[in-house]
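After the structure tokens below, expect a handful of questions from me.
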Amino acid sequence: MSARVDTLDTEVGFVPLGVTCRGVVLIYRLEGYDVVALAGVDLDIAPGESVALVGPSGAGKSTLLSLMSGVLRPSAGRLHVGELDLVRAGPAEVQRLRAVDVGVSLQGSARNLLPYLTCEQNVRFAQRAARSHGRRPPDPTVILDDVGLLAKRRAEPGELAPGERQRLAFAVALAARPGLLLLDEPTNQLDEHSRDEVLEVLHRLHAAGTTVVVVTHDIEVGAALGRTVTIRDGRVGAEGRRGEDYSVVGRDGSVHLPTELLDRLPPGTLVKIASDADGTIRLVPALEGGNR
């Protein structure tokens with residue numbers, strides 16, 4: 001692949017976008033019951049930052065991505081993408097955000113592609129909304145070159161290998177050169193070489209200023225990004241920065257313990273919080289028989 005990211009500039013209207021979440025809650029109905037998908041997410045993503053959302057299946061990672069894209073609206077809390085308040089924004093404002101400023105690739109490449117169009121036509125079609133809002137995106141061949149599919153520009157999705165279809169979905173998300181790129185498992189079904197090519201593109205986009213948020217179960221993909229945020233039970237439980245892992249204190253004072261400690265301190269364990277003179281804070285389990 002080429003190293004072309006020079007099209008990410010003011011000529012195409014590129015502006016990196018940050019994300020701010022404060023107490024974000026999402027509740028939906030399922031079989032007559034209320035299900036809490038997100039239970040008070042507090043998160044700041046700076047413009048130009050690259051972040052991996054990690055955690056177990058069903059924790060709320062993809063739901064949070066859908067909220068950032070404007071596909072879903074929070075049930076409570078505050079959510080800003082750039083200067084836009086997605087809780088109060090009208091339909092036209094959200095439509096413009098999704099057309100111009102945010103690129104999204106959903107999990108499963110087929111959900112992002114039109115099977116009867118060629119690779120080049122898929123990218124060009126994805127650019128239509130951006131052009132209608134005054135954006136001048138780069139030629140589709142530039143986007144396809146970035147993801148290593150220029151030679152397949154006249155092929156239809158059904159003629160591509162699974163990994164190539166995933167990269168085409170990636171190209172469609174990049175079509176308008178968005179300031180915020182949201183990717184749900186973008187390296188799924190890719191072999192190691194193709195995965196590394198996608199990571200190379202992500203690094204170049206990040207270096208050029210694009211804000212990148214990736215949902216992934218791939219530990220190596222998470223480690224390749226600048227910051228990892230662990231979502232557990234619908235809220236931020238931990239963060240990783242520069243190889244160091246940290247638990248995150250919630251606004252209600254809750255702390256998610258690292259998984260390896262849950263065997264020693266299972267749910268329901270009674271603990272005392274001890275603060276030593278040197279500033280060390282310790283969790284002291286109750287004596288035998290003091291637990292529930």
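The values are calculated or read from the model by the stated rules, or taken from the named source; none is laboratory data. Small disclaimer: the values here were computed from a predicted structure and weren't measured. With ideal geometry, Cβ positions are generated from the backbone for all residues, glycine too; neighbour counts draw on all protein chains shown. Side chains are part of the model used for accessible areas, which takes the heavy atoms of the whole protein and leaves out ligands, DNA and RNA. Shrake-Rupley method; radii C 1.70, N 1.55, O 1.52, S 1.80 Å.
Under 5 Å between amide hydrogens, which residues at least 5 positions from Val248 or on another chain qualify, with H placed 1.01 Å from N in the peptide plane?
For Val248, whose amide H was placed from the backbone, the distant partners under 5 Å are Ala238, Glu239, His256.
Once amide H atoms are placed 1.01 Å from N in the peptide plane, what residues at a sequence separation of 5 or more from Ser75, or on another chain, have their amide H within under 5 Å of its amide H?
Amide H to amide H, under 5 Å and 5 or more residues apart or across chains, Ser75 pairs with Val25, Leu26, Ile27.
Right, something else. Each residue of segment 170-184 in turn: what ³J(HN,Hα) in whole Hz from Karplus with 6.51, -1.76, 1.60 and θ = phi - 60°, glycine and Pro shown as x?
Values, residue by residue: 4, 5, 4, 5, 8, 3, 9, 6, x, x, 10, 10, 10, 10, 9 Hz.
Of (1) -0.64, -0.87; (2) -0.43, -0.65; (3) -0.48, -0.68, which one was derived for log10 I(q)/I(0) by the Debye sum over Cα atoms at q = 0.09, 0.11 Å⁻¹ from the structure shown?
The value computed from this structure is option (3).
Moving on to the next point. Starting at the first residue of segment 50-62, write each ³J(HN,Hα) from the Karplus equation 6.51 cos²θ - 1.76 cosθ + 1.60 with θ = phi - 60°, in whole Hz, x for Gly and Pro.
Calculated HN-Hα couplings, in order: 10, 9, 9, 8, 10, x, x, 4, x, 7, x, 5, 5 Hz.
Heads up, I need the accessible area for Tyr28: 1.4 angstrom probe, whole protein in place, Å², nearest 10.
Approximately 100 Å² for this residue.
Now for a different question. Looking at the P(r) of segment 102-217, how many percent of alpha-carbon pairs lie beyond 24 Å?
Numbers: 987 of 6670 pairs.
The calculated P(r) of segment 102-217 puts 15 percent of pairs beyond 24 Å.
Right, another one. How large is the dipole of the chain about the Cα centre if only Lys and Arg carry +1 and Asp and Glu carry -1, each at its Cβ, rounded to the nearest 20 debye?
Working: 33 positive and 38 negative charges, 196 e Å.
Dipole magnitude for the chain comes out near 940 debye.
Can you list residues from other chains, or at least 5 along the same chain, whose modelled amide H is less than 5 Å from the amide H of Arg235?
Ala39
Also: What ³J(HN,Hα) values, in whole Hz, does the Karplus curve 6.51 cos²θ - 1.76 cosθ + 1.60 give for segment 188-198 when θ = phi - 60°, with x put for Gly and Pro?
Couplings: 4, 6, 9, 6, 4, 5, 5, 4, 5, 5, 5 Hz.
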